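This report refers to the structure that appears directly beneath it.
The values are calculated or read from the model by the stated rules, or taken from the named source; none is laboratory data. Remember, predicted model here, so these are calculated numbers, not experimental data. Here the Cβ positions follow ideal geometry from the backbone for every residue, glycine too, while neighbour counts run over all protein chains shown.
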Amino acid sequence: GNYIFHEENCLLQIVYATCMLIGWGLLMAYCYPLLPNLYMDQYHQNSGILVFVTCVSSWWIACKSTPGIITKETIVRFDNYPYDDLLYTNVICPTVGIRKLPRSKYDRNTKGHVARFDHYCGWLGNTVGEENYRWFLCFLVCHVGMFGYGTVALWLSLASIVDESDLWNAKFYNAKTRQVIHTNGTVVMKFIINQQPMAASLLLICAVLATTLSMFVSFHLYLIYCGMTTNEFFKWGNVKRWYKEELKRFELESAAQADLTKSNESDSAAATKRVKKPMHPGLFPKNIYNGGFVNNMTEVLFPRSRRRDAKQKWLLDTLSVAEKE
């Protein structure tokens with residue numbers, strides 16, 4: 001499991017490509033013949049192919065994009081965030097021997113420091129960082145759109161079969177019980193599953209994946225809103241646990257000291273003098289990298305390291321080093 005999801009390999013990429021090809025093959029074989037119908041025009045056959053090509057293209061771009069590797073030569077271009085002295089401190093990385101920039105992390109897959117490190121994505125076979133987080137989001141959004149589109153298209157196509165057959169007004173005869181069954185939702189669903197099992201199965205798969213990926217996109221939008229990366233989300237979780245423990249310790253020590261102070265015994269009074277005054281952890285630290293949703297989203301779509309000022313700073317540093325040599 002660790003090798004598949006956290007180490008560089010192409011296994012999940014192969015799984016993705018296989019599932020996409022099989023899924024769209026089944027869709028074209030069993031569902032495209034349902035078009036056109038009462039609710040879906042003929043052009044949806046072409047638009048469906050366009051959606052498929054768009055999704056695969058977004059996946060390929062995200063796979064091949066660079067996350068933003070920090071080296072001795074490029075460190076100036078990526079040095080755009082201040083240290084918060086909480087999650088990040090100014091230290092030298094013992095592995096690669098360069099200064100650890102704020103929001104960066106050593107990545108064993110790329111064998112280097114990744115700027116604004118987010119996570120390693122097995123489906124892309126690539127690390128997600130400052131310079132390709134936007135392509136990762138594009139990949140997710142495109143697939144939410146594809147599965148959402150597939151869900152609606154399949155639902156309407158099956159609904160067209162129901163309405164064209166006037167199933168809601170139909171009556172069925174049960175040979176075993178010799179009873180006439182009036183149509184209801186359960187009867188219609190069983191009829192559709194029996195008549196169009198592949199289309200019904202693909203509808204269920206699309207609906208589940210659209211919902212799941214929508215939740216994942218919502219999580220990343222929440223991270224952007226908070227000015228965090230996935231890596232920082234877990235770091236802040238550790239900070240919150242530490243803060244709660246320190247606050248609880250302060251309350252317990254304060255209560256214990258209060259009990260000693262109220263005691264009239266001489267040994268308790270002496271003990272009170274020896275008890276160290278409890279230290280309040282203070283206000284919960286703020287995330288200095290949160291500049292508001294608009295600014296945070298701008299940094300995702302237009303990474304700081306890709307902006308003109310960062311490139312000019314990097315160019316000047318490169319020229320300065322060249323002159324010294």
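Take Gly122 and decide whether it is touching a helix residue (DSSP H, G or I) at 6+ places or on another chain (Cβ under 7 Å) and modelled with pLDDT under 95.
Details: touching a helix residue (DSSP H, G or I) at 6+ places or on another chain (Cβ under 7 Å): yes; modelled with pLDDT under 95: yes.
Considered against the rule, which asks whether it is touching a helix residue (DSSP H, G or I) at 6+ places or on another chain (Cβ under 7 Å) and modelled with pLDDT under 95, Gly122 comes out as yes.
Which members of region 159-188 meet the condition of being without any contact (Cβ under 8 Å) to a residue 60 or more places away in the chain and assigned to a helix (DSSP H, G or I)?
Going residue by residue through region 159-188, those that are without any contact (Cβ under 8 Å) to a residue 60 or more places away in the chain are 162, 165-188.
Residues satisfying the conditions are Val162, Leu167, Trp168, Asn169, Gly185, Thr186, Val187, Val188.
If only one of Ala207, Ala200, Ala255 is within 30 Å of His280 (Cβ to Cβ) and not in a loop (DSSP other than H, G, I, E, B), which one is it?
Values: Ala207 fails: within 30 Å of His280 (Cβ to Cβ); Ala200 fails: within 30 Å of His280 (Cβ to Cβ).
Every option except Ala255 fails the conditions.
Hey, any hits in region 43-61 for a residue that's closer than 27 Å to Ser157 by Cα, in a loop (DSSP other than H, G, I, E, B), touching a Pro at 6+ places or on another chain (Cβ under 9 Å) and modelled with pLDDT of 95 or more?
Yes; the residues of region 43-61 include at least one that is closer than 27 Å to Ser157 by Cα, in a loop (DSSP other than H, G, I, E, B), touching a Pro at 6+ places or on another chain (Cβ under 9 Å) and modelled with pLDDT of 95 or more.
Ala29 fails exactly one of the following numbered conditions: (1) over 27 Å from the mean Cα position of the chain (by Cα); (2) in a loop (DSSP other than H, G, I, E, B). What is the number of that condition?
Going through the list (1) over 27 Å from the mean Cα position of the chain (by Cα); (2) in a loop (DSSP other than H, G, I, E, B), Ala29 breaks only (2).
Quick one: which residue in Val141, Val180 is closer than 24 Å to Phe302 by Cα and surrounded by fewer than 20 Cβ atoms within 10 Å (Cβ to Cβ)?
Details: Val180 fails: closer than 24 Å to Phe302 by Cα.
One residue alone meets the criteria, Val141.
Looking only at region 107-156, which residues are among the small types (Gly, Ala, Ser) and not in a loop (DSSP other than H, G, I, E, B)?
To start, the set of residues in region 107-156 that are among the small types (Gly, Ala, Ser) comprises 112, 115, 122, 125, 129, 145, 148, 150, 153.
Correct list: Gly112, Gly145, Gly148, Gly150, Ala153.
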